[in-house]
Each structure stands twice: as structure tokens, then as C-alpha cells.
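**Q** One structure, pasted below without further comment.
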Amino acid sequence: MQFYVLTLFPEMIRSIINTSITGRAVKNGFLSLETINIREYSTRKTNRVDDYPYGGGAGMVLEPEPVYQAIRAVEEKIGHKPRVVYMTPQAQVLNQTKVEELAREEELVLLCGHYEGIDERVLEEMVTDYISIGDYVLTGGELGAAVLIDAVSRFVPGVLSNEESSQFESLQDNLLEYPQYTRPEIWHEKKVPEVLLSGDHNRIEEWRHQKSIERTAERRPDLLAGSYQITCVTAGGNESSLLGGRILRKVTRYGKIMDYNRRKLQKTRMVMEKDELLLLVMDESSIAGSESEDAIPVEERFRNLYGNDTPVILIYEGSVQAEELLVFLRSRGFLPLEPEKLPFSASEDEITGTALNIRKKTLQI
Ligand code: ADE
């Protein structure tokens with residue numbers, strides 16, 4: 001992953017990123033950081049790049065031409081137009097989903113403003129994303145760019161060791177992390193919760209999930225609105241359940257998977273609620289009308305599946321009759337979100353993309 005940071009204070013970025021884990025990743029070639037001093041593209045003898053604002057007012061404004069030329073130089077170097085992120089408090093605040101989306105780019109250009117801002121015309125022409133790191137005003141965009149690079153880097157393969165791995169992360173489910181304990185077992189008369197000493201992994205997982213929910217409700221109740229208990233129902237051959245499992249693990253760490261294959265039609269009634277999300281992974285062979293002996297009418301296959309304004313995302317291979325299925329799901333109390341097409345031979349990268357799309361969709365409900 002290559003970061004190009006356009007700034008008047010290159011040292012500020014370099015000193016942060018070339019330290020600790022990101023510094024190690026730069027040394028080992030997993031990240032590259034190039035800082036570009038906007039001043040080098042000054043059009044004046046004095047090397048100045050700012051001027052008074054039209055209409056008056058306090059402060060100075062960065063001129064458009066040096067910023068334009070600095071971005072053009074990056075474009076020429078890499079041979080195409082990259083995503084250009086302008087760090088500004090006048091934007092949506094960065095979150096984990098956006099971080100993971102940005103981590104899928106090969107290059108990112110980060111533009112840091114100073115003074116009262118940057119001439120609007122060059123922003124309109126060159127910037128693809130506006131990002132804030134919080135609802136407060138900093139003296140410039142450099143700290144924001146460093147925060148963004150640090151967060152994005154964690155998702156770049158090779159940056160974290162296995163131990164530091166970002167696979168299971170706070171905020172993955174829009175939930176805060178559960179509390180952690182280490183030795184000693186008793187400290188200041190406080191004992192480590194019993195369940196953690198039990199060795200029973202299912203109970204530990206359940207306890208941690210519960211603590212995550214409690215902590216989120218207490219400290220960040222706003223996040224709970226976008227948090228769903230996710231069930232993945234697969235129907236079709238073995239391939240669909242394998243694919244379902246791969247997607248589910250990328251979307252949530254607390255998901256359930258249920259197989260609705262021919263011989264395993266669910267016998268018990270399942271009613272899903274509003275704060276749940278159904279991921280329905282199907283292939284053509286499981287739909288009536290197909291040649292396959294596994295084909296069963298949807299009414300029969302899902303005769304025990306009901307929703308209660310429950311959002312559902314259909315994930316299917318190209319040829320499934322999606323429209324028909326969505327009509328059926330609506331009649332059963334589900335709220336279909338836009339379906340996702342995905343081949344069963346999907347690469348790891350395609351699965352990550354689908355998982356991200358699913359998360360984005362749930363944040364928009
Ligand atoms: N520049 C100034 N304040 C900022 C903020 N909150 N986020 C990103 N860039 C900024």
C-alpha cells in the first residue's frame with residue numbers, strides 16, 4: 001500500500017509513521033510513505049503557497065495551483081487517478097468500515113490543509129473523499145492523515161504479525177471490546193471472572209459477547225443502533241455452506257450459520273427479530289425449476305423461516321431468480337436490502353469486498 005501525503009509539514013507525518021508498527025512495515029516494504037511538500041509547487045519566487053481570502057476575513061487560504069500540481073505529479077508517477085482524501089473537520093467522521101474500505105486501495109493520496117483551508121476549486125476538481133477524524137478542529141490535517149494511515153495500515157497484509165492480527169476487532173460488530181484480564185488471578189482483592197478460568201470456550205465466547213453488548217450500551221449506545229445479531233442461512237450444495245461460512249466470519253464474530261440443504265430442511269420454526277440480520281446464501285441448484293434434484297420450491301424449503309421486519313441480504317450466484325425470492329421473503333416479514341452477487345469460487349478479496357458491502361448496508365438501515 002502506498003501513501004502519498006501532500007503537506008506543508010512533511011516531518012510531522014514522517015516522524016509518526018516511521019515509528020513503531022507502521023515504521024516496521026515501511027522498513028519491511030509492506031507500506032510505502034512519500035511526503036510531498038506542497039511548497040515545492042509554489043508558483044512564486046517567494047515560495048509562498050497561500051494568499052488572502054477573497055471577500056475578506058481572518059487567515060490565509062492555500063492557492064489552488066500548487067495543490068493541483070502536487071496531485072498531478074502523483075498521478076503521473078503512478079499512471080492513473082488515485083483516490084484523493086482531503087483531511088478536514090467539515091466531513092463525515094472516519095469509522096472502521098471506511099478504514100477497511102480505504103485499505104482495499106493500492107494507493108491513497110492524503111491532502112492536508114492548514115490556515116483557513118484550501119481554495120474550493122481545486123478541491124472540487126481533484127478530491128474524491130472528505131474525511132474528518134473527529135468533531136473538533138485541529139491546526140492542520142497532518143494528525144488526521146497520520147491517524148488514517150495508522151488505522152488503514154492494520155488491514156494491509158504483512159503489517160501486523162499474527163499476534164497483532166486485526167481479524168477480530170473491536171467495532172467489527174459495531175460493538176466495543178469485552179474486558180480483558182491477565183495474571184494474577186486475584187489483584188487488589190478483585191478476582192478474574194470465573195468463566196474465563198473454566199476452559200469452556202463456548203461459555204467464554206457467550207460471556208464475552210454479552211459483556212461487549214453491555215459495555216456498548218453503557219459507553220456508546222449510539223453504536224448499538226447499527227449492531228445486528230447475524231444468522232447466515234445457506235441452501236444448495238456444500239459449496240453454499242462453505243461460502244456462507246467464509247462470508248459470515250468476515251462480517252461478524254458472533255454469527256450463527258444454518259444449513260437448509262435438502263436433507264436438512266429446518267424442522268423448527270425460526271422467527272427472526274428487527275435487530276437481527278439474515279444473510280441468505282443460495283445457488284441455482286436449490287431453486288425449483290432448475291435441473292438439480294436438490295431443487296425445492298422456496299415455500300417448502302423455508303416453510304419454517306419468518307421475519308419481523310428483519311433485514312435480509314440475499315447472496316447468490318448469477319443465475320438465481322433473485323426477484324422471485326425477494327417477493328417471497330417480503331411476504332414472510334423480511335425487509336430485503338440490495339442483494340449481493342458472488343460466485344462460489346470467490347477469491348478472498350471478493351469475499352472481503354462482499355463482507356464490507358454487507359456492513360455498509362447495515363449501517364444505512
Ligand atoms: N483538520 C483540522 N481538523 C481536522 C479534523 N478534525 N479531522 C481531519 N482533519 C482536520
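**Q** Against the condition acidic (Asp, Glu), more than 12 Å from the ligand (Cβ to nearest atom) and either in contact (Cβ under 8 Å) with a residue 60 or more places away in the chain or within 19 Å of residue 31 (Cβ to Cβ) (or both), how does residue 150 come out, does it pass? Step through it out loud before you land on a result.
**A** Working: acidic (Asp, Glu): yes; more than 12 Å from the ligand (Cβ to nearest atom): yes; either in contact (Cβ under 8 Å) with a residue 60 or more places away in the chain or within 19 Å of residue 31 (Cβ to Cβ) (or both): yes.
When the stated conditions are applied, residue 150 passes them.
**Q** Of 44, 48, 39, 14, which residue is in a loop (DSSP other than H, G, I, E, B), under 23 Å from residue 127 (Cα atoms) and of a type in the set (D, E, K, R)?
**A** On the way: 44 fails: under 23 Å from residue 127 (Cα atoms); 39 fails: in a loop (DSSP other than H, G, I, E, B); 14 fails: in a loop (DSSP other than H, G, I, E, B).
So the residue among 44, 48, 39, 14 that is in a loop (DSSP other than H, G, I, E, B), under 23 Å from residue 127 (Cα atoms) and of a type in the set (D, E, K, R) is 48.
**Q** Given (1) surrounded by fewer than 17 Cβ atoms within 10 Å (Cβ to Cβ); (2) acidic (Asp, Glu); (3) more than 16 Å from the ligand (Cβ to nearest atom), identify the lone condition not met by residue 63.
**A** All conditions are met except number (1).
**Q** Right, another one. Any idea which of 212, 240, 227 is closer than 24 Å to residue 360 by Cβ, in a loop (DSSP other than H, G, I, E, B) and in contact with an Asp or Glu (Cβ under 7 Å, 6 or more places away or on another chain)? Even if it seems obvious, please write down each step before you answer.
**A** Working: 212 fails: in a loop (DSSP other than H, G, I, E, B); 240 fails: in a loop (DSSP other than H, G, I, E, B).
Step by step, each of 212, 240, 227 is checked, and only 227 is closer than 24 Å to residue 360 by Cβ, in a loop (DSSP other than H, G, I, E, B) and in contact with an Asp or Glu (Cβ under 7 Å, 6 or more places away or on another chain).
**Q** Here's something else I'd like to know. Return a yes/no flag: does the range 98-107 have any residue that is away from the ligand (no atom under 16 Å from the Cβ), in contact with a Lys or Arg (Cβ under 7 Å, 6 or more places away or on another chain), outside any helix (DSSP H, G or I) and closer than 23 Å to residue 18 by Cα.
**A** As a first pass, look at the range 98-107 and keep what is away from the ligand (no atom under 16 Å from the Cβ): 100-101, 103-107.
Applying the additional criterion that residues be in contact with a Lys or Arg (Cβ under 7 Å, 6 or more places away or on another chain) yields 105.
Adding the requirement that they be outside any helix (DSSP H, G or I) leaves 105.
With closer than 23 Å to residue 18 by Cα added as a condition, the list becomes 105.
Within the range 98-107, one or more residues are away from the ligand (no atom under 16 Å from the Cβ), in contact with a Lys or Arg (Cβ under 7 Å, 6 or more places away or on another chain), outside any helix (DSSP H, G or I) and closer than 23 Å to residue 18 by Cα.
Okay, residues lined up against (1) in a loop (DSSP other than H, G, I, E, B); (2) on the phi > 0 side of the Ramachandran plot:
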position: 139; (1), (2): yes, no
position: 152; (1), (2): no, no
position: 158; (1), (2): yes, yes
position: 175; (1), (2): yes, no
position: 184; (1), (2): yes, no
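**Q** Among the residues of the range 231-243, write down those that are among the aliphatic types (A, V, I, L, M) and surrounded by fewer than 21 Cβ atoms within 10 Å (Cβ to Cβ). Write out each step before concluding.
**A** Going through the range 231-243, the residues among the aliphatic types (A, V, I, L, M) turn out to be 233, 235, 242-243.
Across the range 231-243, the qualifying residue is only 242.
**Q** Go through the range 66-83 and give me each residue that's open to solvent by less than 60 Å² (accessible area, probe 1.4 Å) and either closer than 20 Å to residue 353 by Cβ or not aliphatic (A, V, I, L, M) (or both).
**A** Here is the first cut: in the range 66-83, the ones open to solvent by less than 60 Å² (accessible area, probe 1.4 Å) are 66-67, 70-71, 73-75, 78, 82-83.
Once the filter is applied, which keeps residues that are open to solvent by less than 60 Å² (accessible area, probe 1.4 Å) and either closer than 20 Å to residue 353 by Cβ or not aliphatic (A, V, I, L, M) (or both), the range 66-83 yields 66, 75, 82, 83.
**Q** Given the criterion surrounded by fewer than 15 Cβ atoms within 10 Å (Cβ to Cβ) and either within 16 Å of the ligand (Cβ to nearest atom) or of a type in the set (Phe, Trp, Tyr) (or both), identify the matching residue among 86, 52. Lay out the reasoning, then the answer.
**A** Values: 86 fails: surrounded by fewer than 15 Cβ atoms within 10 Å (Cβ to Cβ).
Result of the check over 86, 52: 52.
**Q** Tell me which of these residue 155 doesn't satisfy, since it passes every other one: (1) within 20 Å of the chain's Cα centre (by Cα); (2) within 14 Å of the ligand (Cβ to nearest atom); (3) aromatic (Phe, Trp, Tyr).
**A** (2)
**Q** For the range 5-49, name all the residues that are hydroxyl-bearing (Ser, Thr, Tyr) and more than 17 Å from residue 143 (Cβ to Cβ).
**A** First pass over the range 5-49, keeping only residues hydroxyl-bearing (Ser, Thr, Tyr): 7, 15, 19-20, 22, 32, 35, 41-43, 46.
If the condition is that a residue be hydroxyl-bearing (Ser, Thr, Tyr) and more than 17 Å from residue 143 (Cβ to Cβ), then 32, 41, 42, 43, 46 are the ones that fit.
**Q** Within the range 112-122, count every residue that is more than 10 Å from the ligand (Cβ to nearest atom) and assigned to a strand (DSSP E or B). Spell out the reasoning first.
**A** First pass over the range 112-122, keeping only residues more than 10 Å from the ligand (Cβ to nearest atom): 115-116, 118-122.
Applying the additional criterion that residues be assigned to a strand (DSSP E or B) yields 118.
Residues meeting the conditions: 1.
The values are calculated or read from the model by the stated rules, or taken from the named source; none is laboratory data. Everything numeric here is computed off the predicted structure, so don't read it as measured data. Virtual Cβ from ideal backbone geometry, glycine too; neighbours counted across all protein chains shown. With ligands, DNA and RNA removed, areas are computed over all heavy atoms of the protein, side chains included. Shrake-Rupley method; radii C 1.70, N 1.55, O 1.52, S 1.80 Å.
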